[in-house]
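Report on one structure; see the data block that follows.
The values are calculated or read from the model by the stated rules, or taken from the named source; none is laboratory data. Keep in mind that what you see is a predicted model, and the values were worked out from it rather than measured. Here the Cβ is made from the backbone with ideal geometry for all residues, glycine too, and neighbour counts use every protein chain on show. All accessible areas refer to the heavy atoms of the entire protein, side chains included, with ligands and DNA or RNA removed. Shrake-Rupley method; radii C 1.70, N 1.55, O 1.52, S 1.80 Å.
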Amino acid sequence: MRGMRLADGLSRAVPDPIAPMPIRPLSALTALLHVYIALRLLPALAVLTPAWPLALAALVVSAVTIPLPFVSRRGRREGAGNSDLLKWTGLISMGWFSSMFVLTLVRDAGLLLAWLAGAAGGLQVPWNALLPWSALAVLVVATATSVVGFLNARRTAGVKRVEVPIRGLPQALEGFTIAQLSDIHVGPTIRNSYIQRIVDAVNRLGADAIAITGDLVDGSVPELREHIAPLAGLRARHGTFVVTGNHEYYAGAHAWIDELRRLGLKVLLNEHVVLQTRNVRGAQTDEELFESALVLAGVTDFTAGHFDAAHASDPHLALHDAPPLVHTRVLLAHQPRSAPLAAAAGYQLQLSGHTHGGQFFPWNLFVPMQQPFTAGLHRLHDMWVYVSRGTGYWGPPKRFGAPSEITLLTLVPAEA
């Protein structure tokens, strides 16, 4: 039993998903920010150590290589791509530079407060020690967090087990498990072997169903087909279900929907499936027939309507023709922002991603400006919302304070 399915191969014009980035403005901006870091840190480091030119060299490499992954994408379209080494260097530099820039701002704010305290309250500030050692602290902390963040990002995501208490859960559904993957971002640094490790880890869980909640890819089908292929090996009793994220629309959603279906994955576009969890042969009534069933629905990304009006996200539409006697309803929705409409539509649980849990400081501080939840299990009215921190990463191979996860969610009855 399925809800309304959107037509495949829609002809509506969609913005070019791999349009060249504005390379020159990006390069100019990052270069200026690198100059700011150099001016603020290097004179102080020169007082402390003769090795300060190493920091200068690192800043030069960072400024030069950060635009290269975007140049590389444009180059592929023009038949002249850059090497994988340049992409890796640029993305690693991006993560290191991000921390350097934020920590330099924090240092300057601290120095300003120290100066104000000295000017207003007569505090004796040991500037000769504070300036060089605080500059060194910025460099050491940014580099250390980047190294640790790289190791965290490149390891296979750990399994996070979560029990979700569902009010009125039928006995037949007690212990039903869903393995959730989200925000893998197959692309320049996440390739075939990385995906295969995830597939192997998920298959060992023996989940009843597998849910992929969007942002699976960062590139076109021809570019990434071989790297996404291991997902065909995912195994669960009821199969693997996918919803689109915003990055699918950047990368060409219609082509990716076709490719994922070719791999045997079930893409839910504002529609649902009814999962029968037990053999009900011989059932005499509708109540018996649906006692052990679960509605699993999926919506397109919250912003999908901006790319194709026919793909506008609609949690109510996803329940079209759903059997009313099946009361346990789970929604797959890439962005937590779908939750208010999902709660109004009568779902008991929404599974989302998109936020990466912030991925690394300070971006975790900005997530609440756009999303109602950052990570973990939350309650919205009568519905639970679980937000995955993501199974891969976007952009810099760096995770610090927000570890990646493969989530195993288990439905359990809520206590009275």
Problem - Hey, residue 407 over 17 Å from residue 301 (Cβ atoms) and surrounded by 17 or more Cβ atoms within 10 Å (Cβ to Cβ) or not - result: yes
Completion exercise
Flagged in the stretch 388-414 as within 26 Å of residue 206 (Cα to Cα) and either within 10 Å of the chain's Cα centre (by Cα) or in a loop (DSSP other than H, G, I, E, B) (or both), in numbering order, are 388, 389, 390, 391, 392, 393, 402, 403, 404, 414
Handout entry: Qualifying residue in the stretch 164-176 (condition: open to solvent by 50 Å² or more (accessible area, probe 1.4 Å), outside any helix (DSSP H, G or I) and β-branched (Val, Ile, Thr))
Key = no
Handout entry: Qualifying positions in the stretch 325-344 - more than 20 Å from residue 411 (Cα to Cα) and surrounded by fewer than 24 Cβ atoms within 10 Å (Cβ to Cβ)
Key = 337, 340, 341, 344
Problem - Residue among 92, 18 that is within 23 Å of the chain's Cα centre (by Cα) and at pLDDT 95 or above - result: 92
Exercise for the section: Would you be able to say whether some residue in the stretch 356-377 is farther than 25 Å from residue 163 by Cβ, in contact with a Phe, Trp or Tyr (Cβ under 7 Å, 6 or more places away or on another chain) and not aromatic (Phe, Trp, Tyr)? Expected result: yes
Completion exercise
Flagged in the stretch 128-163 as charged (D, E, K, R) and open to solvent by 70 Å² or more (accessible area, probe 1.4 Å), in numbering order, are 155, 161, 163
